[in-house]
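Notes follow the structure.
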Amino acid sequence: MASLFLVLVLVTAFDPGFAYVLESETKTLKWPPAYHLKGDAIDILTGVIKPFEAWYSDKLNRSRVDYYGGTVKHYIVGETDEKYGKQFVVNPVTNEEQTNVKVCKEKDFDGPATNFLGSVTDFEYQGQDTYNDRVLDMWKYYKNEEDSEKVEHMLYVYQDADGFDIPVVREVKTSNLWIGTLKDHTVSRYYDFSKPAEADLDYTLDKDCNETEVSSALMEKLHLSSDVDDAFASYMSRHNKNYDDDQELRKEIFKNNWRRVIEHNKKNLGYTLTLNTFSDWTEEELDNLRATRPSRDHVGSVPFPHTEEEVEELVQELPDYYDMRIEGYITSVKNQGSCGSCWAFSTTAAVEGALARSNGGRDLDLAEQSMVDCAWGFDNMGCRGGQVEGSFKYILKHGLPTQMEYGLYLDEMGNCHRDNMTSTYKIKGFAAIPPLSVNAMKVALYKYGPVTVAINANEALMAYNSGIFFDPTCNDSRPNHGVAVVGYGKRDGVDYWIVKNSWGEDWGEDGYILMSATANNCHLLENAYYPIV
(Lines give C-alpha, C1' and ligand atoms only; values in the text may rest on other atoms or scores of the structure.)
Protein backbone atom coordinates (compact mmCIF):
# COMPACT_ATOMS: atom_id res chain seq x y z
CA MET A 1 0.00 0.00 0.00
CA ALA A 2 2.89 2.35 0.81
CA SER A 3 4.47 1.71 -2.60
CA LEU A 4 1.17 2.48 -4.33
CA PHE A 5 0.93 5.79 -2.45
CA LEU A 6 4.51 6.64 -3.52
CA VAL A 7 3.64 5.95 -7.17
CA LEU A 8 0.61 8.27 -6.98
CA VAL A 9 2.71 11.04 -5.44
CA LEU A 10 5.38 10.72 -8.11
CA VAL A 11 2.88 10.62 -10.96
CA THR A 12 1.04 13.65 -9.60
CA ALA A 13 4.27 15.59 -9.22
CA PHE A 14 5.31 15.02 -12.84
CA ASP A 15 1.79 15.12 -14.36
CA PRO A 16 -0.52 17.79 -12.87
CA GLY A 17 -3.23 16.65 -15.28
CA PHE A 18 -3.34 13.32 -13.48
CA ALA A 19 -4.05 15.14 -10.21
CA TYR A 20 -6.89 17.02 -11.92
CA VAL A 21 -8.40 13.70 -13.06
CA LEU A 22 -8.28 12.37 -9.50
CA GLU A 23 -9.88 15.52 -8.13
CA SER A 24 -12.63 15.63 -10.77
CA GLU A 25 -13.55 12.02 -10.05
CA THR A 26 -13.93 12.63 -6.31
CA LYS A 27 -15.70 16.01 -6.39
CA THR A 28 -19.50 16.17 -6.34
CA LEU A 29 -21.92 19.09 -6.34
CA LYS A 30 -24.11 19.46 -3.28
CA TRP A 31 -26.65 22.24 -2.82
CA PRO A 32 -27.57 23.39 0.70
CA PRO A 33 -30.91 22.00 1.94
CA ALA A 34 -32.13 25.50 2.83
CA TYR A 35 -31.13 28.94 1.59
CA HIS A 36 -32.04 32.56 0.92
CA LEU A 37 -30.44 34.36 -2.01
CA LYS A 38 -30.79 37.23 -4.43
CA GLY A 39 -29.92 37.39 -8.09
CA ASP A 40 -30.97 38.20 -11.61
CA ALA A 41 -31.72 36.11 -14.68
CA ILE A 42 -30.60 37.64 -17.99
CA ASP A 43 -32.11 36.39 -21.25
CA ILE A 44 -29.37 37.26 -23.73
CA LEU A 45 -31.62 36.76 -26.77
CA THR A 46 -34.52 38.98 -25.65
CA GLY A 47 -32.64 41.38 -23.37
CA VAL A 48 -35.02 40.74 -20.45
CA ILE A 49 -33.29 41.11 -17.06
CA LYS A 50 -35.38 39.57 -14.30
CA PRO A 51 -34.18 40.38 -10.75
CA PHE A 52 -35.33 37.92 -8.12
CA GLU A 53 -35.06 36.96 -4.45
CA ALA A 54 -35.60 33.32 -3.48
CA TRP A 55 -36.11 31.24 -0.33
CA TYR A 56 -36.10 27.44 -0.08
CA SER A 57 -36.35 24.84 2.70
CA ASP A 58 -36.26 21.12 1.99
CA LYS A 59 -37.27 20.35 5.58
CA LEU A 60 -40.34 22.61 5.48
CA ASN A 61 -41.14 21.67 1.87
CA ARG A 62 -41.67 25.34 1.12
CA SER A 63 -40.21 27.84 -1.32
CA ARG A 64 -40.77 31.42 -2.37
CA VAL A 65 -39.54 33.68 -5.15
CA ASP A 66 -40.08 37.44 -5.53
CA TYR A 67 -39.56 39.24 -8.84
CA TYR A 68 -38.70 42.88 -9.40
CA GLY A 69 -38.19 43.77 -5.76
CA GLY A 70 -41.31 42.01 -4.53
CA THR A 71 -43.66 43.40 -7.17
CA VAL A 72 -44.74 39.81 -7.83
CA LYS A 73 -44.40 37.03 -5.21
CA HIS A 74 -44.82 33.27 -5.55
CA TYR A 75 -45.21 31.18 -2.37
CA ILE A 76 -45.12 27.39 -2.87
CA VAL A 77 -46.28 25.05 -0.12
CA GLY A 78 -45.67 21.33 -0.70
CA GLU A 79 -47.97 18.64 0.64
CA THR A 80 -46.87 15.69 2.77
CA ASP A 81 -46.96 13.22 -0.15
CA GLU A 82 -44.56 15.53 -2.06
CA LYS A 83 -46.61 15.18 -5.25
CA TYR A 84 -48.97 18.13 -5.01
CA GLY A 85 -49.13 21.42 -3.22
CA LYS A 86 -50.41 24.99 -3.31
CA GLN A 87 -49.07 28.16 -4.84
CA PHE A 88 -49.99 31.68 -3.72
CA VAL A 89 -49.27 34.46 -6.21
CA VAL A 90 -49.26 38.11 -5.13
CA ASN A 91 -49.29 40.81 -7.83
CA PRO A 92 -50.41 44.44 -8.30
CA VAL A 93 -53.73 45.32 -9.95
CA THR A 94 -54.55 48.70 -11.51
CA ASN A 95 -58.07 49.66 -12.62
CA GLU A 96 -59.87 52.96 -13.06
CA GLU A 97 -60.60 53.30 -9.34
CA GLN A 98 -57.39 52.02 -7.73
CA THR A 99 -53.72 51.89 -8.67
CA ASN A 100 -51.30 49.06 -7.91
CA VAL A 101 -53.42 47.31 -5.31
CA LYS A 102 -51.84 43.98 -4.28
CA VAL A 103 -54.00 40.85 -4.63
CA CYS A 104 -53.27 37.22 -3.71
CA LYS A 105 -54.49 34.20 -5.69
CA GLU A 106 -54.32 30.57 -4.59
CA LYS A 107 -53.54 27.94 -7.23
CA ASP A 108 -52.88 24.21 -7.22
CA PHE A 109 -49.27 23.21 -7.76
CA ASP A 110 -47.84 19.92 -9.06
CA GLY A 111 -44.82 18.69 -7.14
CA PRO A 112 -42.92 19.61 -3.97
CA ALA A 113 -41.47 23.03 -3.20
CA THR A 114 -39.23 24.35 -5.96
CA ASN A 115 -35.46 24.25 -5.51
CA PHE A 116 -34.52 27.25 -7.63
CA LEU A 117 -30.87 26.18 -7.96
CA GLY A 118 -31.98 23.42 -10.33
CA SER A 119 -30.64 19.99 -11.07
CA VAL A 120 -26.88 19.35 -11.24
CA THR A 121 -27.06 15.74 -12.42
CA ASP A 122 -24.27 14.81 -14.88
CA PHE A 123 -22.26 17.98 -14.25
CA GLU A 124 -18.50 17.43 -14.53
CA TYR A 125 -15.80 19.29 -12.62
CA GLN A 126 -13.64 21.54 -14.84
CA GLY A 127 -11.09 22.91 -12.39
CA GLN A 128 -10.93 26.44 -11.03
CA ASP A 129 -11.14 29.91 -12.52
CA THR A 130 -11.13 33.50 -11.28
CA TYR A 131 -14.36 35.49 -11.42
CA ASN A 132 -14.54 39.03 -9.97
CA ASP A 133 -11.20 38.44 -8.19
CA ARG A 134 -12.50 35.26 -6.57
CA VAL A 135 -11.30 31.70 -7.22
CA LEU A 136 -14.31 29.50 -8.01
CA ASP A 137 -14.93 25.87 -8.93
CA MET A 138 -16.15 25.36 -12.49
CA TRP A 139 -18.69 22.69 -13.43
CA LYS A 140 -19.96 21.90 -16.90
CA TYR A 141 -22.88 19.99 -18.35
CA TYR A 142 -22.68 19.18 -22.05
CA LYS A 143 -25.06 17.24 -24.26
CA ASN A 144 -24.88 17.03 -28.04
CA GLU A 145 -27.46 15.19 -30.11
CA GLU A 146 -26.01 14.86 -33.59
CA ASP A 147 -27.90 16.98 -36.16
CA SER A 148 -30.40 17.99 -33.45
CA GLU A 149 -29.48 20.06 -30.42
CA LYS A 150 -26.52 21.04 -28.29
CA VAL A 151 -26.99 22.00 -24.63
CA GLU A 152 -24.24 23.60 -22.53
CA HIS A 153 -24.36 24.62 -18.86
CA MET A 154 -21.48 26.37 -17.09
CA LEU A 155 -21.73 26.69 -13.33
CA TYR A 156 -19.38 28.64 -11.04
CA VAL A 157 -19.57 27.86 -7.31
CA TYR A 158 -17.66 28.03 -4.04
CA GLN A 159 -17.93 25.87 -0.93
CA ASP A 160 -19.16 27.21 2.40
CA ALA A 161 -17.96 26.15 5.86
CA ASP A 162 -20.49 23.27 5.93
CA GLY A 163 -19.21 21.79 2.66
CA PHE A 164 -22.18 22.88 0.55
CA ASP A 165 -21.70 24.44 -2.88
CA ILE A 166 -22.91 28.03 -3.26
CA PRO A 167 -23.65 29.23 -6.83
CA VAL A 168 -22.26 32.48 -8.22
CA VAL A 169 -23.02 32.28 -11.97
CA ARG A 170 -24.91 29.81 -14.15
CA GLU A 171 -24.89 30.10 -17.95
CA VAL A 172 -27.14 28.03 -20.21
CA LYS A 173 -26.83 27.79 -24.00
CA THR A 174 -29.05 25.71 -26.24
CA SER A 175 -28.29 25.53 -29.96
CA ASN A 176 -30.55 24.11 -32.65
CA LEU A 177 -28.16 22.19 -34.89
CA TRP A 178 -30.82 21.58 -37.52
CA ILE A 179 -31.00 25.23 -38.53
CA GLY A 180 -27.74 26.44 -36.97
CA THR A 181 -29.22 28.98 -34.54
CA LEU A 182 -28.91 29.73 -30.84
CA LYS A 183 -32.25 28.77 -29.33
CA ASP A 184 -31.70 29.81 -25.72
CA HIS A 185 -28.98 31.76 -23.90
CA THR A 186 -29.48 32.78 -20.28
CA VAL A 187 -27.13 33.89 -17.53
CA SER A 188 -28.18 33.76 -13.87
CA ARG A 189 -26.14 35.56 -11.21
CA TYR A 190 -26.48 34.83 -7.48
CA TYR A 191 -25.41 36.82 -4.44
CA ASP A 192 -26.26 37.58 -0.77
CA PHE A 193 -26.44 33.88 0.10
CA SER A 194 -27.73 33.15 3.64
CA LYS A 195 -29.97 30.84 5.65
CA PRO A 196 -33.71 31.46 5.31
CA ALA A 197 -36.00 32.68 8.04
CA GLU A 198 -39.07 30.46 8.40
CA ALA A 199 -41.30 33.52 8.57
CA ASP A 200 -40.25 34.51 5.03
CA LEU A 201 -41.64 31.21 3.73
CA ASP A 202 -45.00 31.58 5.49
CA TYR A 203 -47.57 33.04 3.11
CA THR A 204 -50.04 33.52 5.97
CA LEU A 205 -47.81 36.30 7.30
CA ASP A 206 -48.16 38.21 4.02
CA LYS A 207 -50.93 40.74 4.57
CA ASP A 208 -52.01 40.43 0.94
CA CYS A 209 -52.73 36.71 1.38
CA ASN A 210 -55.15 36.88 4.27
CA GLU A 211 -57.93 36.08 1.83
CA THR A 212 -57.19 33.80 -1.11
CA GLU A 213 -59.17 32.41 -3.98
CA VAL A 214 -58.89 28.80 -5.14
CA SER A 215 -58.46 28.67 -8.92
CA SER A 216 -58.99 24.96 -9.69
CA ALA A 217 -59.03 21.45 -8.28
CA LEU A 218 -55.96 19.22 -8.15
CA MET A 219 -55.15 17.31 -11.31
CA GLU A 220 -55.69 13.55 -11.19
CA LYS A 221 -52.52 11.51 -10.86
CA LEU A 222 -51.25 10.05 -14.12
CA HIS A 223 -49.33 6.80 -14.50
CA LEU A 224 -46.12 6.35 -16.41
CA SER A 225 -46.24 4.51 -19.73
CA SER A 226 -43.07 2.90 -20.98
CA ASP A 227 -43.88 2.81 -24.72
CA VAL A 228 -42.71 6.39 -25.43
CA ASP A 229 -39.41 6.42 -23.53
CA ASP A 230 -37.25 7.15 -26.57
CA ALA A 231 -39.59 9.78 -27.98
CA PHE A 232 -39.83 11.54 -24.62
CA ALA A 233 -36.05 11.52 -24.14
CA SER A 234 -35.60 13.06 -27.59
CA TYR A 235 -38.28 15.67 -26.85
CA MET A 236 -36.65 16.64 -23.55
CA SER A 237 -33.31 17.10 -25.27
CA ARG A 238 -34.60 19.06 -28.26
CA HIS A 239 -36.72 21.44 -26.19
CA ASN A 240 -34.26 21.73 -23.28
CA LYS A 241 -36.74 20.35 -20.76
CA ASN A 242 -35.56 19.67 -17.21
CA TYR A 243 -37.94 18.38 -14.56
CA ASP A 244 -37.58 18.15 -10.81
CA ASP A 245 -40.12 15.68 -9.41
CA ASP A 246 -43.01 15.81 -11.91
CA GLN A 247 -41.38 13.93 -14.79
CA GLU A 248 -43.95 11.13 -14.70
CA LEU A 249 -46.78 13.63 -15.07
CA ARG A 250 -45.03 15.42 -17.93
CA LYS A 251 -44.29 12.14 -19.66
CA GLU A 252 -47.94 11.07 -19.57
CA ILE A 253 -49.04 14.42 -21.05
CA PHE A 254 -46.36 14.12 -23.71
CA LYS A 255 -47.42 10.56 -24.55
CA ASN A 256 -51.01 11.64 -25.28
CA ASN A 257 -49.85 14.52 -27.48
CA TRP A 258 -47.23 12.40 -29.24
CA ARG A 259 -49.77 9.79 -30.29
CA ARG A 260 -52.28 12.44 -31.34
CA VAL A 261 -49.70 14.14 -33.59
CA ILE A 262 -48.76 10.86 -35.26
CA GLU A 263 -52.37 9.81 -35.80
CA HIS A 264 -53.36 13.22 -37.19
CA ASN A 265 -50.49 13.53 -39.67
CA LYS A 266 -51.35 10.12 -41.17
CA LYS A 267 -54.76 11.47 -42.22
CA ASN A 268 -53.42 14.12 -44.69
CA LEU A 269 -56.08 16.67 -43.73
CA GLY A 270 -54.36 19.72 -45.24
CA TYR A 271 -52.40 20.76 -42.18
CA THR A 272 -49.81 19.05 -40.00
CA LEU A 273 -49.19 19.00 -36.28
CA THR A 274 -45.91 18.77 -34.39
CA LEU A 275 -44.51 18.48 -30.90
CA ASN A 276 -43.53 21.84 -29.47
CA THR A 277 -42.81 23.51 -26.15
CA PHE A 278 -46.47 23.09 -25.08
CA SER A 279 -46.54 19.30 -25.56
CA ASP A 280 -45.85 18.61 -21.86
CA TRP A 281 -47.95 21.43 -20.36
CA THR A 282 -50.82 20.70 -17.98
CA GLU A 283 -54.34 21.87 -18.78
CA GLU A 284 -54.06 24.50 -16.06
CA GLU A 285 -50.84 25.86 -17.57
CA LEU A 286 -52.45 25.97 -21.02
CA ASP A 287 -55.53 27.71 -19.64
CA ASN A 288 -53.29 30.33 -18.04
CA LEU A 289 -51.68 30.94 -21.44
CA ARG A 290 -54.95 31.10 -23.42
CA ALA A 291 -56.72 33.77 -21.43
CA THR A 292 -58.66 35.99 -23.85
CA ARG A 293 -62.39 36.08 -23.17
CA PRO A 294 -65.04 36.97 -25.80
CA SER A 295 -66.49 40.46 -25.63
CA ARG A 296 -69.97 40.80 -24.20
CA ASP A 297 -71.56 43.11 -26.76
CA HIS A 298 -69.25 43.16 -29.83
CA VAL A 299 -69.63 46.92 -30.26
CA GLY A 300 -66.92 49.32 -31.33
CA SER A 301 -66.47 52.97 -30.39
CA VAL A 302 -67.50 53.80 -33.97
CA PRO A 303 -69.77 51.79 -36.30
CA PHE A 304 -68.44 49.69 -39.15
CA PRO A 305 -68.48 52.16 -42.07
CA HIS A 306 -69.95 49.92 -44.80
CA THR A 307 -73.34 48.36 -45.37
CA GLU A 308 -73.62 44.75 -46.46
CA GLU A 309 -74.30 45.89 -50.03
CA GLU A 310 -71.20 48.12 -50.03
CA VAL A 311 -69.07 45.26 -48.73
CA GLU A 312 -70.18 43.00 -51.59
CA GLU A 313 -69.26 45.70 -54.10
CA LEU A 314 -65.90 46.51 -52.53
CA VAL A 315 -64.78 42.90 -52.26
CA GLN A 316 -65.00 42.52 -56.04
CA GLU A 317 -62.13 45.01 -56.38
CA LEU A 318 -59.84 43.34 -53.85
CA PRO A 319 -56.85 41.17 -54.81
CA ASP A 320 -57.07 37.43 -54.16
CA TYR A 321 -53.99 37.65 -51.92
CA TYR A 322 -53.04 40.36 -49.45
CA ASP A 323 -50.26 40.09 -46.88
CA MET A 324 -49.34 43.10 -44.74
CA ARG A 325 -46.00 41.48 -43.86
CA ILE A 326 -44.90 42.06 -47.45
CA GLU A 327 -45.94 45.69 -47.17
CA GLY A 328 -43.62 46.11 -44.17
CA TYR A 329 -46.43 47.00 -41.75
CA ILE A 330 -46.04 44.13 -39.29
CA THR A 331 -43.52 43.96 -36.45
CA SER A 332 -41.67 40.75 -35.63
CA VAL A 333 -43.44 37.92 -33.81
CA LYS A 334 -43.27 38.30 -30.03
CA ASN A 335 -43.57 35.80 -27.20
CA GLN A 336 -45.97 36.25 -24.30
CA GLY A 337 -44.16 33.57 -22.29
CA SER A 338 -46.28 31.85 -19.66
CA CYS A 339 -48.35 34.97 -18.90
CA GLY A 340 -51.98 34.97 -20.12
CA SER A 341 -51.48 38.29 -21.92
CA CYS A 342 -52.51 37.26 -25.44
CA TRP A 343 -55.25 39.91 -25.31
CA ALA A 344 -52.56 42.60 -24.92
CA PHE A 345 -50.28 41.20 -27.63
CA SER A 346 -53.07 40.82 -30.19
CA THR A 347 -54.46 44.33 -29.76
CA THR A 348 -50.98 45.87 -29.64
CA ALA A 349 -50.08 44.06 -32.89
CA ALA A 350 -53.13 45.59 -34.59
CA VAL A 351 -52.31 49.09 -33.36
CA GLU A 352 -48.66 48.74 -34.44
CA GLY A 353 -49.77 47.67 -37.92
CA ALA A 354 -52.34 50.46 -38.27
CA LEU A 355 -49.79 53.07 -37.20
CA ALA A 356 -47.23 51.71 -39.66
CA ARG A 357 -49.77 51.99 -42.51
CA SER A 358 -50.44 55.61 -41.61
CA ASN A 359 -46.83 56.75 -41.19
CA GLY A 360 -45.27 55.32 -44.32
CA GLY A 361 -44.23 51.91 -43.01
CA ARG A 362 -42.25 52.98 -39.93
CA ASP A 363 -42.67 50.19 -37.39
CA LEU A 364 -43.20 51.01 -33.71
CA ASP A 365 -42.51 48.50 -30.97
CA LEU A 366 -45.23 49.32 -28.44
CA ALA A 367 -45.25 48.08 -24.84
CA GLU A 368 -47.62 45.19 -24.13
CA GLN A 369 -46.35 45.35 -20.56
CA SER A 370 -48.07 48.72 -20.07
CA MET A 371 -51.44 47.04 -20.71
CA VAL A 372 -50.63 44.07 -18.48
CA ASP A 373 -49.80 46.51 -15.67
CA CYS A 374 -52.42 49.22 -16.13
CA ALA A 375 -55.54 48.00 -17.98
CA TRP A 376 -57.29 46.26 -15.10
CA GLY A 377 -60.23 48.67 -15.20
CA PHE A 378 -61.26 47.55 -18.70
CA ASP A 379 -62.26 43.89 -18.20
CA ASN A 380 -58.60 42.87 -18.17
CA MET A 381 -56.66 41.14 -15.40
CA GLY A 382 -52.97 41.19 -16.31
CA CYS A 383 -51.57 37.68 -16.78
CA ARG A 384 -54.96 36.19 -15.95
CA GLY A 385 -56.65 37.28 -19.16
CA GLY A 386 -58.69 40.02 -20.76
CA GLN A 387 -61.06 41.08 -23.52
CA VAL A 388 -60.29 42.52 -26.93
CA GLU A 389 -63.03 45.16 -26.69
CA GLY A 390 -61.83 46.28 -23.26
CA SER A 391 -58.25 46.42 -24.51
CA PHE A 392 -59.15 48.82 -27.30
CA LYS A 393 -61.17 50.95 -24.86
CA TYR A 394 -58.07 51.22 -22.69
CA ILE A 395 -55.86 52.24 -25.64
CA LEU A 396 -58.48 54.76 -26.75
CA LYS A 397 -58.30 56.45 -23.34
CA HIS A 398 -54.66 55.99 -22.29
CA GLY A 399 -52.69 55.09 -25.42
CA LEU A 400 -49.59 52.91 -25.59
CA PRO A 401 -45.98 53.95 -24.94
CA THR A 402 -43.07 52.39 -26.76
CA GLN A 403 -41.31 49.44 -25.18
CA MET A 404 -38.09 51.46 -25.21
CA GLU A 405 -39.58 54.05 -22.87
CA TYR A 406 -41.90 51.91 -20.73
CA GLY A 407 -39.52 49.01 -20.32
CA LEU A 408 -39.09 45.45 -21.54
CA TYR A 409 -41.80 42.82 -21.31
CA LEU A 410 -41.60 41.09 -17.91
CA ASP A 411 -43.71 37.93 -18.36
CA GLU A 412 -45.21 39.01 -15.03
CA MET A 413 -47.66 41.60 -13.69
CA GLY A 414 -45.75 44.73 -12.70
CA ASN A 415 -46.39 48.14 -11.22
CA CYS A 416 -48.15 50.59 -13.54
CA HIS A 417 -46.04 53.64 -14.41
CA ARG A 418 -47.79 55.02 -17.48
CA ASP A 419 -47.94 58.52 -15.95
CA ASN A 420 -44.15 58.76 -16.26
CA MET A 421 -44.17 58.44 -20.07
CA THR A 422 -43.22 61.39 -22.24
CA SER A 423 -45.38 60.25 -25.16
CA THR A 424 -48.00 57.62 -25.97
CA TYR A 425 -49.61 56.47 -29.21
CA LYS A 426 -53.38 56.66 -29.15
CA ILE A 427 -56.11 55.57 -31.51
CA LYS A 428 -59.08 57.62 -32.72
CA GLY A 429 -61.43 54.72 -32.22
CA PHE A 430 -62.05 51.09 -33.04
CA ALA A 431 -64.70 49.32 -35.08
CA ALA A 432 -66.35 45.92 -34.75
CA ILE A 433 -66.53 43.93 -37.99
CA PRO A 434 -69.98 42.45 -38.72
CA PRO A 435 -69.90 38.89 -37.38
CA LEU A 436 -69.64 35.84 -39.64
CA SER A 437 -68.82 37.90 -42.75
CA VAL A 438 -65.77 36.70 -44.68
CA ASN A 439 -66.06 39.58 -47.14
CA ALA A 440 -66.36 42.23 -44.41
CA MET A 441 -63.17 40.85 -42.85
CA LYS A 442 -61.34 41.06 -46.20
CA VAL A 443 -62.48 44.64 -46.76
CA ALA A 444 -61.40 45.67 -43.26
CA LEU A 445 -57.96 44.09 -43.68
CA TYR A 446 -57.32 45.67 -47.06
CA LYS A 447 -58.70 49.14 -46.27
CA TYR A 448 -57.89 49.64 -42.57
CA GLY A 449 -55.15 47.28 -41.40
CA PRO A 450 -54.69 44.36 -38.98
CA VAL A 451 -57.69 42.95 -37.17
CA THR A 452 -57.67 41.58 -33.61
CA VAL A 453 -59.81 38.49 -33.10
CA ALA A 454 -60.64 36.03 -30.32
CA ILE A 455 -60.40 32.38 -31.35
CA ASN A 456 -60.56 29.00 -29.69
CA ALA A 457 -57.03 27.63 -29.45
CA ASN A 458 -57.80 23.95 -28.94
CA GLU A 459 -55.23 21.18 -28.49
CA ALA A 460 -54.85 20.72 -32.24
CA LEU A 461 -54.16 24.40 -32.84
CA MET A 462 -51.64 24.41 -29.99
CA ALA A 463 -49.67 21.75 -31.90
CA TYR A 464 -50.02 23.42 -35.34
CA ASN A 465 -47.04 23.04 -37.66
CA SER A 466 -47.99 24.03 -41.23
CA GLY A 467 -50.81 24.11 -43.79
CA ILE A 468 -54.31 25.61 -43.68
CA PHE A 469 -55.79 24.84 -40.29
CA PHE A 470 -59.40 23.64 -40.23
CA ASP A 471 -60.85 21.71 -37.31
CA PRO A 472 -64.66 21.53 -36.92
CA THR A 473 -64.29 20.63 -33.23
CA CYS A 474 -62.58 23.98 -32.69
CA ASN A 475 -66.03 25.58 -32.44
CA ASP A 476 -67.22 23.24 -29.69
CA SER A 477 -65.68 25.48 -27.00
CA ARG A 478 -65.74 29.23 -26.53
CA PRO A 479 -62.99 31.61 -27.73
CA ASN A 480 -59.99 31.65 -25.38
CA HIS A 481 -57.07 33.22 -27.24
CA GLY A 482 -56.34 36.61 -28.83
CA VAL A 483 -54.48 36.84 -32.15
CA ALA A 484 -54.09 39.36 -34.99
CA VAL A 485 -55.15 38.76 -38.61
CA VAL A 486 -52.69 40.44 -40.99
CA GLY A 487 -53.85 39.23 -44.39
CA TYR A 488 -55.75 36.68 -46.43
CA GLY A 489 -55.21 34.34 -49.36
CA LYS A 490 -56.54 31.41 -51.33
CA ARG A 491 -54.98 27.98 -51.90
CA ASP A 492 -56.58 25.16 -53.91
CA GLY A 493 -59.86 27.03 -53.82
CA VAL A 494 -59.79 27.45 -50.02
CA ASP A 495 -59.84 30.95 -48.50
CA TYR A 496 -57.62 31.43 -45.47
CA TRP A 497 -56.52 34.08 -43.02
CA ILE A 498 -52.88 34.92 -42.23
CA VAL A 499 -52.79 35.05 -38.43
CA LYS A 500 -50.00 36.42 -36.24
CA ASN A 501 -49.63 34.67 -32.89
CA SER A 502 -47.66 35.59 -29.76
CA TRP A 503 -45.98 32.28 -28.94
CA GLY A 504 -42.59 33.02 -30.51
CA GLU A 505 -41.15 32.40 -33.96
CA ASP A 506 -40.51 28.69 -33.31
CA TRP A 507 -44.26 27.97 -33.15
CA GLY A 508 -46.21 27.22 -36.34
CA GLU A 509 -44.98 28.80 -39.56
CA ASP A 510 -42.41 31.21 -38.08
CA GLY A 511 -44.93 32.32 -35.47
CA TYR A 512 -47.92 32.44 -37.84
CA ILE A 513 -50.83 30.15 -38.66
CA LEU A 514 -52.95 29.97 -41.81
CA MET A 515 -56.55 29.52 -40.68
CA SER A 516 -59.36 28.42 -42.97
CA ALA A 517 -62.06 30.99 -43.63
CA THR A 518 -64.63 28.19 -43.90
CA ALA A 519 -67.55 27.92 -41.45
CA ASN A 520 -66.30 30.55 -38.98
CA ASN A 521 -63.45 28.21 -38.07
CA CYS A 522 -62.50 28.52 -34.36
CA HIS A 523 -64.95 31.45 -33.91
CA LEU A 524 -62.54 33.77 -35.78
CA LEU A 525 -65.36 35.87 -37.32
CA GLU A 526 -67.33 36.48 -34.12
CA ASN A 527 -65.17 38.92 -32.11
CA ALA A 528 -63.20 40.91 -34.67
CA TYR A 529 -62.08 44.55 -34.17
CA TYR A 530 -59.69 46.90 -35.90
CA PRO A 531 -58.20 50.18 -34.59
CA ILE A 532 -58.62 53.55 -36.28
CA VAL A 533 -55.56 55.81 -36.16
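The values are calculated or read from the model by the stated rules, or taken from the named source; none is laboratory data. Predicted, not measured: the structure shown is a model, and the values here were computed from it. Cβ sites come from the backbone with ideal geometry, for glycine too, and all protein chains shown count toward neighbours.
Can you find, within the stretch 22-45, the residue that is surrounded by the most Cβ atoms within 10 Å (Cβ to Cβ) among those that are in a loop (DSSP other than H, G, I, E, B) and of a type in the set (A, V, I, L, M)?
We begin by selecting, within the stretch 22-45, every residue in a loop (DSSP other than H, G, I, E, B); these are 27-33, 44-45.
Those left that are additionally of a type in the set (A, V, I, L, M): 29, 44-45.
Numbers: L29: 18, I44: 14, L45: 11.
Per the criteria, the residue is L29.
Filter the stretch 152-179 down to the residues that are of a type outside the set (A, V, I, L, M) and in a loop (DSSP other than H, G, I, E, B), then identify the one that is nearest to K140 (Cα to Cα).
This residue is F164.
Count, please, the residues in the stretch 379-410 that happen to be in contact (Cβ under 8 Å) with a residue 40 or more places away in the chain and in contact with a helix residue (DSSP H, G or I) (Cβ under 9 Å, 6 or more places away or on another chain). Steps first, answer last, please.
Kept after step one, since they are in contact (Cβ under 8 Å) with a residue 40 or more places away in the chain, are these residues of the stretch 379-410: 379, 381-393, 395-396, 400, 407-410.
In the following step, the residues that additionally are in contact with a helix residue (DSSP H, G or I) (Cβ under 9 Å, 6 or more places away or on another chain) were identified as 379, 382-388, 390-392, 395, 400, 407-410.
So the count comes out to 17.
Residue-wise test of (1) more than 15 Å from I330 (Cα to Cα); (2) of a type outside the set (V, I, T); (3) buried (at least 16 other Cβ atoms within 10 Å of the Cβ).
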| residue | (1), (2), (3) |
| --- | --- |
| V494 | yes, no, no |
| N501 | no, yes, yes |
| G504 | no, yes, yes |
| D510 | no, yes, no |
| H523 | yes, yes, yes |
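How many residues are over 18 Å from T277 (Cα atoms) and either touching a strand residue (DSSP E or B) at 6+ places or on another chain (Cβ under 8 Å) or in a loop (DSSP other than H, G, I, E, B) (or both) when one looks only at the stretch 501-523?
Filtering the stretch 501-523 for residues over 18 Å from T277 (Cα atoms) gives 514-523.
So of that shortlist, the ones also either touching a strand residue (DSSP E or B) at 6+ places or on another chain (Cβ under 8 Å) or in a loop (DSSP other than H, G, I, E, B) (or both) come out as 514-518, 521-523.
Residues flagged as over 18 Å from T277 (Cα atoms) and either touching a strand residue (DSSP E or B) at 6+ places or on another chain (Cβ under 8 Å) or in a loop (DSSP other than H, G, I, E, B) (or both) within the stretch 501-523 amount to 8.
Looking at D287, D229 in this structure, which one is modelled with pLDDT under 95 and surrounded by 15 or more Cβ atoms within 10 Å (Cβ to Cβ)? Give the steps one after another, and end with the answer.
Working: D229 fails: surrounded by 15 or more Cβ atoms within 10 Å (Cβ to Cβ).
It is D287.
Please specify each residue of the stretch 75-111 satisfying the condition of being modelled with pLDDT of 85 or more, of a type in the set (A, V, I, L, M, F, W, C) and within 19 Å of L201 (Cβ to Cβ).
Hits for the stretch 75-111 are I76, V77, F88, V89, V90, C104.
Of everything in the stretch 241-273, what is surrounded by 16 or more Cβ atoms within 10 Å (Cβ to Cβ), among the polar types (S, T, N, Q) and farther than 17 Å from E459 by Cβ? Give them in sequence order.
If the condition is that a residue be surrounded by 16 or more Cβ atoms within 10 Å (Cβ to Cβ), among the polar types (S, T, N, Q) and farther than 17 Å from E459 by Cβ, then Q247 is the only one that fits.
Name the residue, out of Y394, Y425, Y409, that is of a type in the set (F, W, Y) and either assigned by TED's automatic domain parsing to the domain that holds T46 or surrounded by fewer than 20 Cβ atoms within 10 Å (Cβ to Cβ) (or both).
On the way: Y394 fails: either assigned by TED's automatic domain parsing to the domain that holds T46 or surrounded by fewer than 20 Cβ atoms within 10 Å (Cβ to Cβ) (or both); Y409 fails: either assigned by TED's automatic domain parsing to the domain that holds T46 or surrounded by fewer than 20 Cβ atoms within 10 Å (Cβ to Cβ) (or both).
After ruling out the rest, the residue left standing is Y425.
With the condition kept exactly as written, say whether any residue in the stretch 118-134 is modelled with pLDDT under 90 and surrounded by 18 or more Cβ atoms within 10 Å (Cβ to Cβ).
The initial filter retains those residues of the stretch 118-134 that are modelled with pLDDT under 90, namely 118-122, 130-134.
Of the ones still in play, those that are also surrounded by 18 or more Cβ atoms within 10 Å (Cβ to Cβ) are 120.
Checked against the condition, which is being modelled with pLDDT under 90 and surrounded by 18 or more Cβ atoms within 10 Å (Cβ to Cβ), the stretch 118-134 yields at least one hit.
Among the helices (runs of 4 or more DSSP H) contained in the stretch 297-382, which hold 3 or more residues that are of a type in the set (S, T, Y) and buried (at least 18 other Cβ atoms within 10 Å of the Cβ)?
Values: elements: 308-314, 324-327, 342-358, 368-374.
Where helices (runs of 4 or more DSSP H) fall fully within the stretch 297-382 and carry at least 3 residues being of a type in the set (S, T, Y) and buried (at least 18 other Cβ atoms within 10 Å of the Cβ), they are 342-358.
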